[in-house]
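Nothing in this text is a laboratory measurement; each read-out follows from the coordinates by a stated rule. Just so it is clear, the structure is predicted and the values come from calculations on it, not from any experiment. Cβ coordinates were reconstructed from backbone atoms using ideal geometry, including for glycine residues, and neighbour counts include every protein chain displayed.
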Number of protein chains: 2
Amino acid sequence: MDSVSNTLRVLVATDCHLGYMEKDEIRRHDSFNAFDEICSIAEQRQVDFLLLGGDLFHENKPSRTTLVRTIEILRRYCLNDRPVQFQVVSDQTINFPNRFGHVNYEDQHYNVGLPIFTIHGNHDDPAGVDNLSAIDILSACNLVNYFGKMVLGGSGVGQITVYPILIQKTPHAIRWIRPETQGDSSVSDWFNIFVLHQNRVKTNPKNAVNEHFLPRFLDFIIWGHEHECLIDPQEVAGMGFHLSQPGSSIATSLIDGEAKPKHVLLLEIKGSQYRPTKIPLNSVRAFEYADVSLQNEPDLDPNDPEAVLDHLSKLAHDLIVRASEKGCKRPELKLPLIRIKVDYTGYSTINPQRFGQKFVGKVANPHDILIFTKSAKKRQSTNEKEQEKELLRPEELNQQNIEALVAESNLKMEILPVNDLDIALHEFVNKDDRQAFYDCVQHNLEETRVKLSEETDVLQIKEEKDLMEKVSQCMQERILKGRSSVKNGPTRNHTISQIV
Amino acid sequence: MDSVSNTLRVLVATDCHLGYMEKDEIRRHDSFNAFDEICSIAEQRQVDFLLLGGDLFHENKPSRTTLVRTIEILRRYCLNDRPVQFQVVSDQTINFPNRFGHVNYEDQHYNVGLPIFTIHGNHDDPAGVDNLSAIDILSACNLVNYFGKMVLGGSGVGQITVYPILIQKTPHAIRWIRPETQGDSSVSDWFNIFVLHQNRVKTNPKNAVNEHFLPRFLDFIIWGHEHECLIDPQEVAGMGFHLSQPGSSIATSLIDGEAKPKHVLLLEIKGSQYRPTKIPLNSVRAFEYADVSLQNEPDLDPNDPEAVLDHLSKLAHDLIVRASEKGCKRPELKLPLIRIKVDYTGYSTINPQRFGQKFVGKVANPHDILIFTKSAKKRQSTNEKEQEKELLRPEELNQQNIEALVAESNLKMEILPVNDLDIALHEFVNKDDRQAFYDCVQHNLEETRVKLSEETDVLQIKEEKDLMEKVSQCMQERILKGRSSVKNGPTRNHTISQIV
């Protein structure tokens, strides 16, 4: 019994992407079903708290429906009479910098029985002049404890200070997220958990965090953002800490990694020891993935499109059968997701929309079952497989940025800094900030005016203005394209998020 | 003491327009300041509840900042240990049709000490497939009791059923909003309050509700939507009920009616009697209004623009002095709003922007101090004054609708019903529903396809399609205009809201 009360029990999940596919008739409830199940597991297992690794929301500005549904789920699971048996002993006003400045279960006007701690992800990061995230709405409602948010003007430019939340369960204590010692206790007195939301794949080092660069005093890393479930904790060689990548609770891109069974992690921590228990999610829509290269298939004549069609149809049927064999039994999830990646080198493509017609009512994604790729000259490099995988990761697809655009357009950018435009594009597309370009142009125009002052002749200003107008027009076109690609798929430009 | 406990004490306010001018450096806090004061009055006066008459939010989709600030204010005032001393004895699942289905102070996980009851207004009415209002977010958070919302599919088409909330304070009982008797008690056993949010001005009967058409069993009408403070209850002749028009807590249009001091109403109800107490709001920015006809001013030469400028400048200074004499003392509200409506018949106009330059730092609205009108041929009709007033009411300015547009465009509309387009335009402009036109066209296209079936030849369909495309293009142009006028001012198209 003492041993139980000494043990901190944490349920870990990440990337719930609430609101994903909310306009799709078939899949609109998927993200909520999975999140509901996560909360119900937390309830059944009577954990001390639920810890989330970012991207709770899929959209930076979640729809009203998504907000309301999220609040409803949180209210049903977080508010109850169960006593909370741990304390946050660090400075709560620093840990949770909202108007109220305390952990939610200490608010005397709310009955919080299941505290949730969460960071934001790249999908629900703060935006706008007030630097608010959609998670701030949940935090204002006292339904989550939002931590790890950079306070604007809090540190010097380029400096980020990470304040640990110190959690204590009598008589033992836990500390997470901390690069430096605070107070009297030594770092090794605490079990240090670090939650981050970042690219992890190593093939694109510019955009990924290398776990070997994290400080060695950490004990456990929870890695959000990566959707593949690699939840079993692995020791990171030479670093002395373990790492778990829970993966998303919903597949937002139909790639191989997302086809693995989805899990959440129960972490029971006692002293410097922990016990991990992976718990499968049963309300996730089945997803089966296959990778086929037509030229490697025996007896498939490139001049016989019917045969190719039959071959792929048969494969799709196999995937449906495979999904139904292990698929979840919930009636609203009976249609599986299936995806076949087809290397059609030497063959013709098939219209994926038309192909999907006969799978309507049989799968949840009839119109994008097939995706065609063509292998370029086969390179025998060792990381070829990884490079290809990289190409298909959802966050990496939309990488065209303003630099490329400006290069294409042959515009000499003298007034509008390309960086600022990059940021504005990101704000416009991903955060739906319609003022972004206006603000960017205004700001730079003002700065330029100040710089030019009286000594410059009017003609020059006129020329610069014309240039800006051209850029602006060119932007608009690009933006529309950007928007439509965002609308049509789950892709997001992550590079820019890094710049911001 | 018994008498006190028998008395139901209600604070009434309306049209708080939270988030109004949130991007204006000077005025961004105004709506929140006033709402904060309203809540603090409710707290000081220890009322049983706060009753709001709609347009709590200014925007149908309030910004994240506005949502968070609103939640913060509600949380600070509504949650406390004060006992709530009345009961809602009607069917709460019908009165408050959210997921939880009960009045907020009965939720055992929240400590609600100041219940708020509110309807929506035309600014924050429900939208989208789920028919959710921004107020539903507050309701999901258990911070307000949102009533009077039509449940989709609840009644037959064209029928609206109004369910009363029955409020009982031992031993006396109050009933509001009710067109028919429910249960055993007779209507006259209750004090019947009706809250509505509608046009009241009588000059435009198509768009206004006539108070003489309300049922006579009502005892008290609270009239929202109209911003002029006419809060002292008036008996409505021949109807047997009294009516109060509290007016907005913030001026969203600089017209004469908004220049009157803003108040809220304390209503103390005992049996069939009530006592009204008007309470001034002290955190409303001072607003002074003047109406001047240049040709009636003595010695003002139409050929001397400098003299006209001086005359108007002097008038503006007088208004600033007048405002400062009675203006509120809060330092953040020290700059007043001033507006001069100038009938310039026989004179030239002045550029209002340039005029405002010298009032920067002296008034809160330097760029729109002046508004110019030209009296058409003077008509000696009795309601001329009222007609002019009507013309300047904020909700009436933007009245051009699709009917007019279609008439202008000489398009024969055979497939797209003009009504549907009207609705779509409203959804698009006022509710920011980008899918509105797409949905409208799709829906009607589908219906048309079904109707035409096989018997119609392809050519006809083609012609209809071309027509629709023309309409669609024409719509787009109009929409852009509509949007920009919405952005530039507080005007809203109310007519369409009525059609919806």
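As a length-normalised measure over Cα pairs under 8 Å and 6 or more apart, the relative contact order of region B:1-150 settles at 25 percent. Scanning chain B for the beta carbon that comes closest to the axis linking it by rotation to A yields B:C141, 2, distance in whole angstrom. Annotation: the antiparallel percentage among DSSP beta bridges lying fully within region A:4-147 is about 15. The residues packed around B:I371, meaning those with a beta-carbon under 11 Å from its beta-carbon, carry a net charge of -1 if Lys and Arg are +1 and Asp and Glu are -1. Normalised Debye scattering of region B:206-318 at q = 0.10, 0.11, 0.12, 0.16 Å⁻¹ gives log10 I(q)/I(0) of -0.49, -0.56, -0.62, -0.85, counting only Cα atoms as equal scatterers and leaving out solvent.
In the assembly of identical copies, B:P302 has its label point, taken 7 Å from Cα in the direction of the beta carbon, separated from the corresponding points by 8.6 nm (ascending, one decimal). FRET efficiency for B:Q87 and B:M150, Cβ-Cβ distance as r, R0 = 30 Å, nearest 0.05? According to the calculation, E is roughly 0.75. Using a 7 Å projection from Cα along Cα-to-Cβ, the label point at A:E325 is separated from the same position in the remaining copies by 9.1 nm, smallest value first.
When a/c is below 1.5 the answer is rounded, else prolate if a/b is larger than b/c, else oblate, so apply that to region A:37-96 with a ≥ b ≥ c taken from the square roots of the Cα gyration tensor eigenvalues. Verdict is oblate for region A:37-96. Is the shape of region A:5-153 rounded, prolate or oblate, going by the alpha carbon gyration tensor and its root eigenvalues a ≥ b ≥ c, with a/c under 1.5 for rounded and a/b larger than b/c for prolate? Oblate, because a/c is 1.5 or more while a/b does not exceed b/c. Which net charge results when you count Lys and Arg as +1 and Asp and Glu as -1 among the other residues whose beta-carbon is under 9 Å from that of B:M239? Net charge in that neighbourhood comes out at -1.
Look at the Cα gyration tensor of region A:2-280: its axes a ≥ b ≥ c give a/c under 1.5, and that counts as rounded. Starting from the label point of B:K278 at 7 Å along Cα→Cβ, the same points in the other copies fall at 7.1 nm, in ascending order.
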